[in-house]
Amino acid sequence: MLSQWGFVLMLSAIAVIIPVAAITLGHFLGPRRPDPIKNQTYESGVETVGDAWVQFRAQYYLIGLIFLIFDVEVIFLFPIAIAYQGLSFFSVMAAVTFVLILMLGLFLEWRKGALDWN
Amino acid sequence: MNWSDAVIQFQYDLGAPQELSWLVEGITYFVGALILAMASLTLALLLIWITRKVISRIQDRIGPNRLGPYGLFQSVADAMKLLSKEDIKPTSSDTVSYVIARVLAVLGVLMSLAVIPFGAGLIGADLSVGVLYLVALGSIGIMAALMAGWGSNNKYALLAGFRVVAQLLSYEIPMVLAMLAPVLLVGTMSMQGLANAQSLYLGPINLGFGWFIFVLPGAFLIYMIAALAESEQTPFDLLEAESELIAGFHIEYSGMKFAMFFLAQFLNSFFLGAIAVSLFLGGWQGPFAGQVPLLGPIYFFAKTFFVYVVIQWIKGTFPRVRVDQMMQFAWKVLVPSVLTLLLAQMIIMKLPLPLWLNAIFVLVANIVVVVVVLNVLGNYFKREQVRSKRAFEPTSLIGTMQPVHPSSGD
């Protein structure tokens, strides 16, 4: 069973080599006529003004944070799901409570308006 | 028995020395992975052709029809063209994330090949954590899009990067929770185990119709909607809304670098369909797949291509949603319904009832969720239809160019 990960290792190596090889090939096959205007970032044909790295809205940060909370809790649900058929009554109650707390958190975020996009 | 065990055993039978087992296994895995990756690259060319054909038929066009039979070689010609394009790198971009992003995009997609069961014993690596592995890989694709958006130092690309956070992260949650439902039902995360569990025996004969969609239609619906959003297909293609963002996060990538993102996107929507097939639509199971192993891959690819064509059909017919509608739908409809579904399934599975009665209760809970989600979607599209009709009415100001108050003439 452990040696099955050998396949994953090989596949990951190939999955890195394929894009690198394709891009390198494209780099050498294509023409190379750089000029300063061409190497600017594209801005609908007009001259590029300043950096794009600006302050962004806090809403995106909030969504990222909510995602983080949920993703970690979802990962905890997977072991519960695997062992579910052999769980005792007490453990089942604990699992159900866990999902209930997850839902409670979601409704709290909803009430607080973190899910509203404006 | 898995294909790799069979091949390794075959090599030992031919006289390969037992003490060099690491070499034998390594070569076997390497050749297997190489074949799988190369086949998926060829598949991407076919997928692009299918997409173009389906979309053109929906739009009353013929689509590519010049190169080869039915225009099959059009995508090969396009790949050659992209190969001969100039490799432009904007000077003000952030080199590290700009370079890594395109590799990560392909890596995250190709790696998911390892756990897709194409047939009985035909799975790259039958990992015991297969579903969790797929969940982890889903985040790599998001990372790649985010890095491309940020690293390009382009305003449009950065806006697309923001939308990656809004869309892909939001739909990741309902997708993962929907994938949890079959895992909870069977109690294994191995993809081959999940495919095996979807058999239906009538005496000794495997009818292969114990598909989880018959028990978990709600989870399937939520998975498909979330997968549409994850694969950046049209109702949810805000990441590359051409009229707003020009091209999206890959705007600064030219030639082969662009092709890599393109490849990743097409393969991603196919693999999400393949995961849907192996989790909900029976995988390689079908009538007599247990008796004739050759039928397994045929059933699998038939189902997966069917799901892919349905995804393209949706792509060709639905209008794009707004960002606030999309976010609200994910967090206020999909996540609560899938959590309720899981809760109901957990409680029902522990009720001291016969198995078939449990299955019926789970089905009822799923049907309730299907009705709720479809109702919300139906109301939304009805409202949008009324809105767009109103905009084109003769009395409407939009489209008529009439001034609000006609001037008195002085």
Q | Inter-residue pairs, beta-carbon under 6 Å, first more than 11 Å from every other protein chain (Cβ to nearest Cβ) and in the range B:77-98, second modelled with pLDDT of 85 or more and surrounded by 16 or more Cβ atoms within 10 Å (Cβ to Cβ), 6+ apart | A | B:S97/B:M147
(Q) If the requirement is being at the interface with chain B (Cβ under 7 Å from one of its Cβ atoms), surrounded by 12 or more Cβ atoms within 10 Å (Cβ to Cβ), assigned to a helix (DSSP H, G or I) and β-branched (V, I, T), which of these qualifies: A:I17, A:I80, A:I69, A:I63? (A) A:I63
Q: Looking at (1) within 28 Å of B:I100 (Cβ to Cβ); (2) touching a residue at least 60 places away in the same chain (Cβ under 8 Å); (3) β-branched (V, I, T), find the lone condition where B:V165 falls short.
A: (2)
Q: Name, by its number, the condition in (1) facing chain B (nearest Cβ under 7 Å); (2) over 18 Å from the mean Cα position of the chain (by Cα) that does not hold for A:D35.
A: (1)
Q) Does B:M179 qualify as being out of contact with any Leu (no Cβ under 7 Å at 6 or more places or on another chain), at pLDDT 85 or above, more than 7 Å from chain A (Cβ to nearest Cβ) and outside any loop (DSSP other than H, G, I, E, B)? A) no
Q: List the number of the failed condition for A:Q85; all other conditions in (1) closer than 30 Å to B:P90 by Cβ; (2) surrounded by fewer than 16 Cβ atoms within 10 Å (Cβ to Cβ); (3) of a type outside the set (D, E, K, R); (4) facing chain B (nearest Cβ under 7 Å) hold.
A: (1)
Q) Is it true that B:A229 is at pLDDT 85 or above and surrounded by 23 or more Cβ atoms within 10 Å (Cβ to Cβ)? A) yes
Q | Single residue of B:I27, B:I50 found to be assigned to a helix (DSSP H, G or I) and away from chain A (no Cβ under 13 Å) | A | B:I50
**Q.** Residue list for the range A:40-60, restricted to those being more than 7 Å from chain B (Cβ to nearest Cβ) and exposed (fewer than 13 other Cβ atoms within 10 Å of the Cβ)
**A.** A:S44, A:G45, A:V46, A:E47, A:V49, A:G50, A:V54, A:Q55, A:R57, A:A58
Q: Given the conditions (1) aliphatic (A, V, I, L, M); (2) within 15 Å of B:S278 (Cα to Cα); (3) in a helix (DSSP H, G or I), report the number of the one that B:M189 does not fulfil.
A: (3)
Q: Could you grab me the full set of residues in the range B:83-139 that are within 22 Å of B:L194 (Cα to Cα), in contact with a Leu (Cβ under 7 Å, 6 or more places away or on another chain) and among the polar types (S, T, N, Q)?
A: B:S112
Q | From the options B:L134, B:L159, B:L221, B:L184, residue that is more than 15 Å from the chain's Cα centre (by Cα), modelled with pLDDT of 85 or more and assigned to a helix (DSSP H, G or I) | A | B:L184
(Q) I'm told B:Q291 meets every condition in (1) part of a loop (DSSP other than H, G, I, E, B); (2) touching a Phe, Trp or Tyr at 6+ places or on another chain (Cβ under 9 Å); (3) touching a residue at least 12 places away in the same chain (Cβ under 8 Å) except one. Can you identify the failing condition by its number? (A) (2)
Q: Would you check which residues across the range B:341-364 are more than 11 Å from chain A (Cβ to nearest Cβ) and assigned to a helix (DSSP H, G or I) and list them?
A: B:I348, B:L355, B:W356, B:L357, B:N358, B:A359, B:I360, B:F361, B:V362, B:L363, B:V364
Q. Since B:S128 meets every condition but one in (1) over 15 Å from the mean Cα position of the chain (by Cα); (2) more than 8 Å from every other protein chain (Cβ to nearest Cβ); (3) small (G, A, S), which condition does it not meet?
A. (2)
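The values are calculated or read from the model by the stated rules, or taken from the named source; none is laboratory data. Keep in mind that what you see is a predicted model, and the values were worked out from it rather than measured. Please note: Cβ atoms are built from the backbone with ideal geometry, for glycine as well, and neighbour counts cover all protein chains shown.
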